[in-house]
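S.K.: My questions all concern the structure below.
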Amino acid sequence: MEQDPKYWERQYQNEKVGWDIGYISTPLKTYFDQLQNKELKILVPGAGNAYEVEYLYMKGFRQVYLLDFARLPVHNFQERLPDFPAKNLIVKNFWKHEGQYDLIVEQTFFSSIPRRLRNAYALKTHELLNRNGKLAGLLFNHEFGFDKPPFGGTEEEYIRLFKPFFRFIHFKTAYNSIKPRTGREIFILLEKKI
């Protein structure tokens, strides 16, 4: 189910998109605002309506890439931002994507992945990053109790999962989450281990 593009297409068609807040989240906006190097090559996997991609592009980052295997949110993004380069829109399964990036942005994509694939996510993000590349974003630090996305998790689980592949630069409860998520998100900034 979670790995089926049709499932996600239906979620968008039926407007069952509770993860989509309709704008860039405050923790990511704050992080992006301090980035100086506009030449960074950035990937946002499972980007959905891609408010993070839009924000980065409007800030002058021209090597930002949207990756999603559901076509409808990519179409929504194109309608919202028609001047965005088509070559930076990738409609493909994350697990089959190839490329090298300086930064991978995590915003609710991880919570769509079943636990059995989380090690594969850690390995895949590691593979997609350049030397000294970073994984930055938000992870839920609680359980939802659902048998379908979103899937939560714990700090301990995330440390075990990412420690073999990444050096932890920042790993704390986000201080500036949106109100409904206050105290329920960890902001991560992880650097690829060689």
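The values are calculated or read from the model by the stated rules, or taken from the named source; none is laboratory data. Everything quoted here is computed from the prediction, not taken from an experiment. When we count neighbours, we look across all protein chains shown, and the Cβ atoms used for this are built from the backbone with ideal geometry, even at glycine.
S.K.: Please state which of the following conditions LEU189 fails to meet, knowing it meets all the rest: (1) within 27 Å of ARG71 (Cα to Cα); (2) in contact (Cβ under 8 Å) with a residue 60 or more places away in the chain.
M.R.: All conditions are met except number (1).
S.K.: Do you know which of the residues in region 67-99 that are touching a Pro at 6+ places or on another chain (Cβ under 7 Å) and aliphatic (A, V, I, L, M) is surrounded by the fewest Cβ atoms within 10 Å (Cβ to Cβ)? Explain how you work it out, then say what you get.
M.R.: Here is the first cut: in region 67-99, the ones touching a Pro at 6+ places or on another chain (Cβ under 7 Å) are 67, 69-70, 94.
With the extra rule that they be aliphatic (A, V, I, L, M), the set shrinks to 67, 70.
Values: LEU67: 24, ALA70: 21.
Here the residue is ALA70.
S.K.: So THR182 ticks every box in (1) free of Cβ contacts under 8 Å to residues at least 40 places away in the same chain; (2) touching a strand residue (DSSP E or B) at 6+ places or on another chain (Cβ under 8 Å); (3) under 19 Å from TYR31 (Cα atoms) but one. Which box is left unticked?
M.R.: (2)
S.K.: Another one. Being under 16 Å from GLY133 (Cα atoms) and either in a helix (DSSP H, G or I) or under 16 Å from the mean Cα position of the chain (by Cα) (or both) is the filter here, so list the residues in region 158-185 that pass it.
M.R.: From region 158-185, those under 16 Å from GLY133 (Cα atoms) are 162-170; that's our starting set.
Result: PHE162, single match.
S.K.: Among the residues of region 119-130, is any surrounded by 20 or more Cβ atoms within 10 Å (Cβ to Cβ) and under 20 Å from THR26 (Cβ atoms)?
M.R.: Checked region 119-130: no residue is surrounded by 20 or more Cβ atoms within 10 Å (Cβ to Cβ) and under 20 Å from THR26 (Cβ atoms).
S.K.: Determine whether LEU139 is assigned to a strand (DSSP E or B) and either touching a residue at least 24 places away in the same chain (Cβ under 8 Å) or over 19 Å from SER25 (Cβ atoms) (or both). Explain how you work it out, then say what you get.
M.R.: On the way: assigned to a strand (DSSP E or B): yes; either touching a residue at least 24 places away in the same chain (Cβ under 8 Å) or over 19 Å from SER25 (Cβ atoms) (or both): yes.
Criteria met by LEU139.
S.K.: Let me ask something else about it. Those residues that are part of a loop (DSSP other than H, G, I, E, B), surrounded by fewer than 16 Cβ atoms within 10 Å (Cβ to Cβ) and under 17 Å from the mean Cα position of the chain (by Cα), I need them from region 21-34; list them, please.
M.R.: Our first condition is that a residue be part of a loop (DSSP other than H, G, I, E, B); within region 21-34, this holds for 21-25, 34.
Filter once more, so that each one left must be surrounded by fewer than 16 Cβ atoms within 10 Å (Cβ to Cβ): 22-23, 34.
Result: GLY22, TYR23.
S.K.: Of these, LEU72, LEU117, LEU81, which one is of a type in the set (A, V, I, L, M) and modelled with pLDDT of 95 or more? Quick ask: steps written out before the conclusion?
M.R.: Working: LEU72 fails: modelled with pLDDT of 95 or more; LEU117 fails: modelled with pLDDT of 95 or more.
Result: LEU81 is the single residue among LEU72, LEU117, LEU81 that is of a type in the set (A, V, I, L, M) and modelled with pLDDT of 95 or more.
S.K.: Right, next: Conditions: (1) surrounded by fewer than 13 Cβ atoms within 10 Å (Cβ to Cβ); (2) charged (D, E, K, R); (3) farther than 19 Å from LEU161 by Cα. ASP102 meets all but one. Number of the miss?
M.R.: Going through the list (1) surrounded by fewer than 13 Cβ atoms within 10 Å (Cβ to Cβ); (2) charged (D, E, K, R); (3) farther than 19 Å from LEU161 by Cα, ASP102 breaks only (1).
S.K.: A further question on this structure: Quick one: what pairs do we get from region 105-121, first residue more than 12 Å from LEU135 (Cβ to Cβ), second surrounded by fewer than 18 Cβ atoms within 10 Å (Cβ to Cβ), C-beta under 6 Å, 6+ apart or different chains?
M.R.: From region 105-121, the pairs are THR108/TRP19; SER111/PRO150; SER112/GLU2; PRO114/GLU2.
S.K.: Moving to a separate point now. Would a scan of region 54-65 turn up a residue that is within 21 Å of PRO150 (Cβ to Cβ) and crowded, with 17+ Cβ neighbours inside 10 Å? Write out each step before concluding.
M.R.: First, the residues of region 54-65 that are within 21 Å of PRO150 (Cβ to Cβ): none.
No; the residues of region 54-65 include none that is within 21 Å of PRO150 (Cβ to Cβ) and crowded, with 17+ Cβ neighbours inside 10 Å.
S.K.: Turning to a different aspect of this structure: Could you list, ordered by first residue, the pairs with Cβ atoms under 9 Å in which the first is in region 71-93 and within 18 Å of MET58 (Cβ to Cβ) and free of Cβ contacts under 8 Å to residues at least 12 places away in the same chain and the second is assigned to a loop (DSSP other than H, G, I, E, B) and of a type in the set (A, V, I, L, M, F, W, C), at least 6 apart or interchain?
M.R.: GLN78/PHE84
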